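Step one of this worksheet: look at the structure below.
Each reported figure results from applying straightforward, stated rules to the coordinates on display, with no laboratory input. The model shown is predicted, which means the values in this text are computed figures rather than measured ones. Glycine gets a Cβ as well: all are built from the backbone with ideal geometry, and neighbour counts include every protein chain shown.
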């Protein structure tokens, strides 16, 4: 294993580890039996996050479609041919096989409902689409002109959630830990990895939304450390 691979694994650990803690801390623990439900599943309890459900549904539908019609990948993936719209359609398909398909679907199921409960529907879509399209556009122009996948868009949601946690989180230790997520994004950008673009654009948008949010009325995090789920 070379230095490049070790750095990628370190960045993945810096995103996944703190990211899971950020997801958990972003949901207040309810009273009663629901408090025993894992936080990732609790995000799907009523009231159902409809926007997140729609995002997962669209992804699942295209996953089925590309499995039945593999040629769909070639029609929608990013290419360096000047077709700018492919920076958007590349988010609909997974070009690296079933492992990518399953991992990204699981990640979206875990992240999207938490993002909706923190940011609301419109901001969640913005934090998904803008970082995703930006990452695909950068790849088309220079880094990796062929392919597709929505992990870069999911990174946008993770980057935004980490930034909100760093700025407004109730736990000082977790606030510092959350800073590893945008730091990993910066390292990935230096390595010309498009996931870094997704993380940094998401983090920047999350910081802007948090700064401009009036008195925290639209972005909701648990108010005290003891309300965060364990």
In degrees, nearest 10, range 0 to 90: what is the angle between the Cα axis of helix 98-119 and the longest Cα principal axis of the chain? 40 degrees
Restricting things to alpha carbons, find the Rg to Rh ratio for segment 107-230 using the Kirkwood radius for Rh. 0.99
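Run the helix sum for the chain: -39,500 (n - 2.57) per DSSP H stretch of 4+ residues, divided by residue count, reported at 222 nm to the nearest 500 deg cm²/dmol. All intermediate terms of the calculation are to be shown ahead of the outcome.
Working: 11 runs with 151 residues, N = 230.
Only helices count here, giving -21000 deg cm²/dmol.
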Pairing the Cα long axis of helix 3-25 with the longest principal axis of the chain, what angle in degrees results, from 0 to 90 and rounded to the nearest 10? 40 degrees
Normalised by the number of residues in the chain, what is the relative contact order in percent for Cα pairs under 8 Å and 6+ residues apart? 26 percent
The chain, Gaussian network, Cα under 10 Å: of 162, 135, 204, the residue fluctuating most is 204
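Give me Rg over Rh for segment 51-188, both radii from the alpha carbons and Rh done the Kirkwood way, two decimal places.
On the way: Rg = 15.5 Å, Rh = 15.5 Å.
Here the Rg-to-Rh quotient is 1.00.
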Take residue 179 and residue 85, extend 7 Å from each Cα along the Cα→Cβ direction, and tell me the distance between the two endpoints in nm. 4.4 nm
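Full-extension gain between residue 96 and residue 211, please, as 0.36 nm times their residue separation minus the C-alpha to C-alpha distance. Numbers along the way, then the final one.
Values: separation 115, 0.36 × 115 = 41.40 nm, distance 3.72 nm.
Contour length minus Cα-Cα distance gives 37.7 nm.
So what's the chain giving for Cα Rg divided by 2.2 N^0.38 Å, two decimals? Before the final figure, lay out each step's value.
Values: Rg = 17.3 Å, N = 230, 2.2 N^0.38 = 17.4 Å.
It is 1.00.
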Label-point separation (nm) for residue 69 and residue 53, each offset 7 Å from Cα along Cα-to-Cβ? 2.7 nm
Only Cα pairs within less than 10 Å get springs; with that Gaussian network setup on the chain, which residue of 185, 196, 173 has the largest fluctuation? 173
Highest GNM mean-square fluctuation among 101, 130, 72, for the chain with Cα springs under 10 Å, belongs to 72
So what is log10(I(q)/I(0)) for segment 125-177 at q = 0.15 1/Å, when the Debye sum runs over its Cα atoms only? -0.50
Tilt of helix 121-138 relative to the longest C-alpha principal axis of the chain, in degrees (0 to 90, nearest 10)? 40 degrees
